1. Go through the stretch 17-75 and count every residue that is of a type in the set (Gly, Ala, Ser) and either under 11 Å from Leu5 (Cα atoms) or surrounded by 13 or more Cβ atoms within 10 Å (Cβ to Cβ) (or both).
2. Can you tell me which residues in the stretch 1-45 are in contact with a helix residue (DSSP H, G or I) (Cβ under 7 Å, 6 or more places away or on another chain), assigned to a loop (DSSP other than H, G, I, E, B) and within 15 Å of Ile58 (Cβ to Cβ)?
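What follows is calculated from the coordinates using simple rules that are stated; it is not laboratory data. Computed from a prediction, not measured in an experiment: that's the story for all the values here. We place every Cβ from the backbone using ideal geometry, glycine too, and count neighbours over all the protein chains shown.
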Amino acid sequence: MEERLKEIMSQVFDVPKESINNDSSPDTIDNWDSVNHMNLVLALEQAFGISFEPEEIIEMMNFELVLVILRDKEI
């Protein structure tokens, strides 16, 4: 799942997949703005067939936190 998440983030934020790591966040990825944050949410929902609660969307502030939320959803 980590590799799939990296692929999705790479596409949404238009960065090389290899540049995404546990510390990747809006502070380290220039294209991670509010619009692309929502694009990430939508891409993840489509890719994994899930829905996120508003609180989860707000918490998705780096790669590691997104991964934790996905694991909580048993992805």
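1. So the count comes out to 5.
2. Trp32 - this is the single residue of the stretch 1-45 that is in contact with a helix residue (DSSP H, G or I) (Cβ under 7 Å, 6 or more places away or on another chain), assigned to a loop (DSSP other than H, G, I, E, B) and within 15 Å of Ile58 (Cβ to Cβ).
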